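**Q** Could you have a look at this structure, given as C-alpha cells, before my questions?
We did not get these values from a lab; they are worked out from the coordinates using the rules stated. Given the structure is predicted, the values throughout are model-derived calculations rather than measurements. Because the Cβ atoms are built from the backbone with ideal geometry, glycine has one as well, and the counts that use them run over all protein chains shown.
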C-alpha cells in the first residue's frame with residue numbers, strides 16, 4: 001500500500017527545528033540567487049569594495065528624497081540578491097553540525113558500525129541525485145549540455161577527475177554533491193580525529209590542513225578555482241570541521257548557545273563581519289574568504305530564525321522546506337536558469353513579483369519529489385530487510 005504524500009512530507013524526528021528553519025531560508029536564498037544572476041548579470045557586487053559607488057553611478061542623477069530612498073532600496077536588494085551563494089557555506093557548517101552531533105551521541109552509546117553508516121548515508125544521497133539526472137532528461141528545454149559520456153560520469157557524483165569538464169556539467173549546483181560525497185567518504189577519519197584530539201585540537205588541525213591547502217592552491221600552484229571551491233573537499237574542511245565542533249559543543253550547553261545564536265548578538269556580529277567582507281575578498285586574504293562568509297551568513301540567518309520562529313505559519317513552513325532542502329537544491333537550477341533568462345526585460349519590481357511565487361513553486365516541487373523518492377527507497381529497503 002502506497003504511503004500518502006501528506007504522511008511522507010513531514011519534518012524528520014529528533015532534529016533541531018531551528019537548523020531546519022535556517023536551512024529552509026538558506027535553500028530559498030540559493031534558489032533566488034541563481035534566479036537573480038540569470039535575470040541581471042553582471043551586477044555590482046557587495047564584495048568589490050566599491051559596491052555602493054557602483055550602484056549610485058549606475059542609478060543616474062540622485063536628487064530629492066524619493067531618489068535617495070530608491071537608490072538605497074536598490075543597494076539593499078542587490079546586497080541580498082548577490083550574497084545568496086554564501087548560504088552554500090552555511091550548509092557546510094550546518095551539515096557538519098548535524099552529522100558531528102548525531103554521530104557523537106551514537107558513539108557515546110555504542111561503537112559506530114561504519115559500514116551501516118555509509119549504507120544509510122549513500123542510500124539517502126544517491127537516489128534523489130539520480131532522479132535529478134532523470135529530471136534533466138525529461139526537461140530538454142532546460143538542457144544546456146550534450147548528453148554524452150560526461151552524463152555517466154556525473155551519475156557517479158565524482159566530478160573532479162576532469163575538473164574543468166565535469167565540475168559544472170549538467171547542473172552547476174551539483175558540484176556541491178560531489179564535495180559532499182568526499183566529506184562522507186572521509187568522515188570516519190574526521191570523527192576519529194575529533195574524538196582523539198578533542199574539539200580544540202581537531203579544529204586547529206582542520207584549519208592547518210584547510211587553510212594550508214588553500215594557500216598552496218591559490219598562491220603557490222595557482223590551481224583552477226574549482227579546486228578551491230570544492231573539487232577538493234579539504235579546501236572547504238574549515239567550514240565543515242567548524243560545524244562538527246559547534247554541533248558537539250551545542251550538545252553540552254544548548255540553551256546558552258541558542259540564546260546567543262538566535263538573537264540580536266549573532267545578528268550584530270554577522271552584519272559587522274559583512275561590513276568588513278570586501279577586505280577578505282581582496283588579495284591573499286581570499287584564503288579565508290569562504291569560511292568568513294559562511295560564518296557571517298550563518299550568524300545572520302540563525303538570528304533571523306530566532307525572530308521569525310514567533311510566527312506559527314513560518315515556524316511550520318520553513319522547517320519543512322529545510323528538511324527537504326536536498327531535493328530543492330538538486331532540482332532548482334536548470335529551471336531558474338531557463339526562466340530567469342526569459343525575464344531580463346522586466347523591471348526590478350516585476351521581477352520580484354514573479355520570483356516570489358516561483359520560489360514557492362520550486363520548493364513545493366522539490367518537497368514532493370524528495371518525499372516520493374524517500375518513500376520509495378524506504379519501501380524498497382524495508383522489503384529487502386524483510387527478505
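**Q** For the range 109-148, list residues with backbone N below 16 Å from a point placed 7 Å from the Cα of residue 341 toward its Cβ?
**A** From the range 109-148, the list is 136-137, 139-147.
**Q** Could you tell me the center-to-center distance, by alpha carbons, between the range 133-184 and the range 301-374 in angstrom?
**A** 22
**Q** Between residue 215 and residue 271, what's the calculated FRET efficiency when r is the beta-carbon distance and R0 is 25 Å? Round to 0.05.
**A** Once rounded, the FRET efficiency stands at 0.30.
**Q** Just one of (1) 32, 26, 23; (2) 36, 23, 19; (3) 43, 22, 20 is semi-axes √(5λ) of the Cα gyration tensor in Å calculated from these coordinates, so which is it?
**A** The value computed from this structure is option (1).
**Q** Can you order the peptides 212-221, 85-94, 34-43, 298-307 by their average number of other Cβ atoms within 10 Å per residue, highest first?
**A** Output ranking for 212-221, 85-94, 34-43, 298-307: 85-94, 298-307, 34-43, 212-221.
**Q** Further, regarding this structure: Which peptide among 190-199, 252-261 comes first, and what is the full order, when sorted by highest mean count of other Cβ atoms within 10 Å?
**A** Ranking the peptides 190-199, 252-261 by packing returns 190-199, 252-261.
**Q** Ranked from highest to lowest mean number of other Cβ atoms within 10 Å per residue, what is the order of the peptides 226-234, 360-368?
**A** 226-234, 360-368
**Q** Subtract the Cα-Cα distance of residue 310 and residue 204 from 0.36 nm times their separation in residues, and report this length gain in nm to one decimal.
**A** The span from residue 310 to residue 204 would gain 34.4 nm if fully extended.
**Q** Multiply the residue separation of residue 195 and residue 349 by 0.36 nm, subtract the distance between their alpha-carbon atoms, and state the gained length in nm to one decimal.
**A** That pair, residue 195 and residue 349, stretches by 50.3 nm at full extension.
**Q** What is the list of residues in the range 332-370 whose amide nitrogen lies under 12 Å from a point 7 angstrom out from the Cα of residue 317, following Cα to Cβ?
**A** It comes to 356-361, 363-364, nothing else.
**Q** A further question follows. Using 0.36 nm per residue of separation minus the Cα-Cα distance, give me the extension gain between residue 185 and residue 286 in nm, one decimal.
**A** Full-extension gain reported as 33.7 nm.
**Q** For residue 260 paired with residue 65, estimate the spin-label separation in nm (one decimal), with each label point 7 Å from Cα along the Cα-to-Cβ line.
**A** That separation, rounded to one decimal, is 4.2 nm.
**Q** How many nm separate the modelled label positions at residue 126 and residue 360, each set 7 Å beyond the Cα in the direction of the Cβ?
**A** 3.8
**Q** Follow-up. What distance in nm separates the simple spin-label points at residue 110 and residue 164, each placed 7 Å from Cα in the Cβ direction?
**A** The modelled label-to-label distance comes out at 5.1 nm.
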